[in-house]
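Trainee: Supplied in structure tokens, the structure appears directly below.
The values are calculated or read from the model by the stated rules, or taken from the named source; none is laboratory data. The model shown is predicted, which means the values in this text are computed figures rather than measured ones. Because the Cβ atoms are built from the backbone with ideal geometry, glycine has one as well, and the counts that use them run over all protein chains shown. Keep in mind that these areas ignore ligands, DNA and RNA; they rest on the heavy atoms of the full protein, side chains included. Shrake-Rupley method; radii C 1.70, N 1.55, O 1.52, S 1.80 Å.
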Amino acid sequence: MSACLVRIVLLLAVVAGLATVDFATSSAHAWQWSDGPAETRSSGDVGQFRNRPRSTAARRHRGAERKSEGLVEPLKPARIAFSEEEQRLAHVPGFSGVRFWADSVSEFEKALPAAPGAWLVLSSGGPDGGYGAGFLTGWSATGARPEFSVVSGVGTGALTAVLAFAGPRYDKTLEKLFTGISAGDVFEARASRESQVDTAPLKREIAKAVTERLVADVAAEHERGRRLFVVTTNLDAGKAMVWNMGALAAPRDERALQLFRNILLAANSIPEKFPPVLVDVEANGRAFAEMHVDGGVSALTYLAPERYLFLGAGKRLPMSRLYVVLNGKAASEFVVVDRVGADILGRSISIVRGASARTELALLQQAAAAADAEFNLALIDPGFDDAASATVDPKYMNAVFERGVQDGKALQFAKELPFRRPRPVSQVSGDGSLAK
């Protein structure tokens with residue numbers, strides 16, 4: 001466990017260092033940052049970060065330039081201050097049982113389904129998010145995709161999780177969401193004090209995908225006993241929050257629809273690049289708003305509170321099979337790094353995220369073993385060498401989606417760690433599990 005702690009500390013240190021990096025540019029199309037674990041692929045592609053760190057004075061100067069260009073929005077109203085105790089007691093007015101802290105064992109256990117079954121965990125991944133969408137689409141084509149009793153999603157995996165939970169009939173929507181968009185469908189080049197861009201276009205795309213019908217279908221599946229969990233990071237509390245999306249959808253009214261969409265927007269709000277999402281709450285009769293961003297800030301995946309992830313903890317999840325889809329690669333790749341600060345930082349973060357992914361996957365496998373559940377892992381093969389040229393790169397997103405489809409049709413699952421890809425499995429048992 002000491003190695004795990006070292007990686008966590010290193011990850012926190014690197015992320016803290018992002019405060020010193022300025023990604024401002026006059027062209028939205030020049031941004032190269034992604035929230036996924038993808039590796040830097042060549043010395044010519046500097047990877048996740050392209051702009052060099054600037055001094056505070058330089059950032060202020062650039063901020064003044066953007067302001068003069070009319071790209072910075074007016075100041076937004078100051079937030080209402082609230083206490084840690086009020087945060088602890090906060091709830092979304094008009095809703096009950098729709099969320100819990102990711103580390104709360106008691107609240108997690110209240111939300112669990114009564115009967116065991118297959119669980120699906122979808123990771124964050126930025127531009128690699130299309131892999132999981134493609135994998136599920138290909139899996140559906142085999143006729144062997146099980147009905148999952150629990151589905152969880154982080155980051156771009158949150159969008160996939162909702163549509164996967166609703167069933168294969170939403171596969172076309174899933175495909176369109178990950179292959180039919182461009183940068184203009186995700187953000188507009190309008191900066192503010194809290195973000196580089198405005199995500200009004202992404203909000204519209206989510207609204208197109210998350211219809212009243214979809215929310216009603218999620219509510220119906222929840223009432224059947226299945227569970228859908230989406231993770232955001234509450235920046236005020238500094239903790240991950242899990243949203244029980246089926247319970248949230250249960251009212252089947254306009255408020256439920258809007259909150260459902262806002263949570264998915266928050267789950268994909270990359271800090272500093274995209275604006276955070278404010279969620280209105282109440283505590284002791286006092287109204288205020290919490291600030292939520294991408295759940296990937298807290299972890300790449302979510303299965304259960306930490307106490308369930310360690311052998312010997314005495315906790316056992318009600319699952320018969322665990323399927324994990326990593327939207328990215330877990331193996332390190334060789335690359336000659338340029339002597340440029342941004343390149344060095346980007347490569348370092350890529351390495352840390354890969355190490356974090358491997359640690360999380362090892363813990364998920366331990367949880368499956370403790371539950372006597374079959375462990376199955378799908379991830380992008382190291383041999384897949386296409387590279388994204390931007391945060392939203394339609395060509396790359398289509399390529400990674402198609403790779404996912406191929407792997408899904410071939411049932412490309414690894415069952416053991418380290419991450420060696422097995423030969424394709426063609427036989428599937430009657431209940432949808434892989435033949436042994």
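Trainee: Name every residue in the stretch 375-434 that is over 30 Å from LYS273 (Cβ atoms), at pLDDT 75 or above and of a type in the set (Asp, Glu), in order of residue number.
Mentor: Those that are over 30 Å from LYS273 (Cβ atoms), at pLDDT 75 or above and of a type in the set (Asp, Glu): none in the stretch 375-434.
Trainee: Right, here's the next one. Which condition number in (1) touching a Lys or Arg at 6+ places or on another chain (Cβ under 7 Å); (2) part of a helix (DSSP H, G or I) is the one that PHE260 fails?
Mentor: Among (1) touching a Lys or Arg at 6+ places or on another chain (Cβ under 7 Å); (2) part of a helix (DSSP H, G or I), PHE260 violates only (1).
Trainee: Let me ask you something else. Please specify each residue of the stretch 340-365 satisfying the condition of being farther than 20 Å from TYR323 by Cα, of a type in the set (D, E, K, R) and within 17 Å of the chain's Cα centre (by Cα).
Mentor: The one that is farther than 20 Å from TYR323 by Cα, of a type in the set (D, E, K, R) and within 17 Å of the chain's Cα centre (by Cα): ARG353.
Trainee: Within the stretch 297-349, work out how many residues are assigned to a loop (DSSP other than H, G, I, E, B), of a type in the set (Lys, Arg) and open to solvent by less than 40 Å² (accessible area, probe 1.4 Å).
Mentor: Matching residues across the stretch 297-349 total 1.
Trainee: While we're looking at this one, here's another question. Taking the stretch 219-228 as the region of interest, how many residues are within 23 Å of LEU300 (Cα to Cα) and either out of contact with any strand residue (DSSP E or B) (no Cβ under 6 Å at 6 or more places or on another chain) or open to solvent by 10 Å² or more (accessible area, probe 1.4 Å) (or both)?
Mentor: So the count comes out to 2.
Trainee: Name the residue that is most open to solvent (accessible area, probe 1.4 Å), counting only residues in the stretch 155-184 that are of a type outside the set (S, T, N, Q) and over 30 Å from ARG227 (Cα atoms).
Mentor: Of everything passing the filter in the stretch 155-184, GLY184 is most open to solvent (accessible area, probe 1.4 Å).
Trainee: From the list GLU147, GLU175, GLU107, GLU188, which residue is charged (D, E, K, R), farther than 30 Å from PRO77 by Cβ and in contact with a strand residue (DSSP E or B) (Cβ under 6 Å, 6 or more places away or on another chain)?
Mentor: That would be GLU107, the only listed residue that is charged (D, E, K, R), farther than 30 Å from PRO77 by Cβ and in contact with a strand residue (DSSP E or B) (Cβ under 6 Å, 6 or more places away or on another chain).
Trainee: Within the stretch 365-381, is even one residue part of a loop (DSSP other than H, G, I, E, B) and open to solvent by 50 Å² or more (accessible area, probe 1.4 Å)?
Mentor: Yes, the stretch 365-381 has at least one match.
Trainee: Any chance the stretch 164-174 includes a residue that's farther than 19 Å from LEU326 by Cβ and without any contact (Cβ under 8 Å) to a residue 12 or more places away in the chain?
Mentor: yes
Each row is one residue, and each column tells you yes or no for (1) open to solvent by less than 20 Å² (accessible area, probe 1.4 Å); (2) part of a helix (DSSP H, G or I).
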position	(1), (2)
GLU86	no, yes
PHE95	no, no
SER106	no, yes
LYS110	no, yes
ALA114	no, no
ALA118	yes, no
GLY130	yes, yes
LEU136	yes, yes
GLY143	no, no
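Trainee: Which residue is least open to solvent (accessible area, probe 1.4 Å), if the candidates are limited to the stretch 269-292 and must be acidic (Asp, Glu) and out of contact with any strand residue (DSSP E or B) (no Cβ under 6 Å at 6 or more places or on another chain)?
Mentor: Once the filter is applied, the top-ranked residue is GLU282.
Trainee: Read through the list (1) within 21 Å of GLU205 (Cβ to Cβ); (2) open to solvent by 20 Å² or more (accessible area, probe 1.4 Å); (3) not in a helix (DSSP H, G or I), then give the number of the only condition that VAL231 fails.
Mentor: (2)
Trainee: Moving on to the next point. Do we find a residue being touching a Gly at 6+ places or on another chain (Cβ under 6 Å) and either charged (D, E, K, R) or under 25 Å from ALA114 (Cα atoms) (or both) anywhere in the stretch 261-271?
Mentor: No, the stretch 261-271 has no match at all.
Trainee: From the list ALA216, ALA266, exactly one residue is touching a His at 6+ places or on another chain (Cβ under 8 Å), in a helix (DSSP H, G or I) and either open to solvent by less than 60 Å² (accessible area, probe 1.4 Å) or of a type in the set (Val, Ile, Thr) (or both). Which is it?
Mentor: Criteria check complete, one pass: ALA266.
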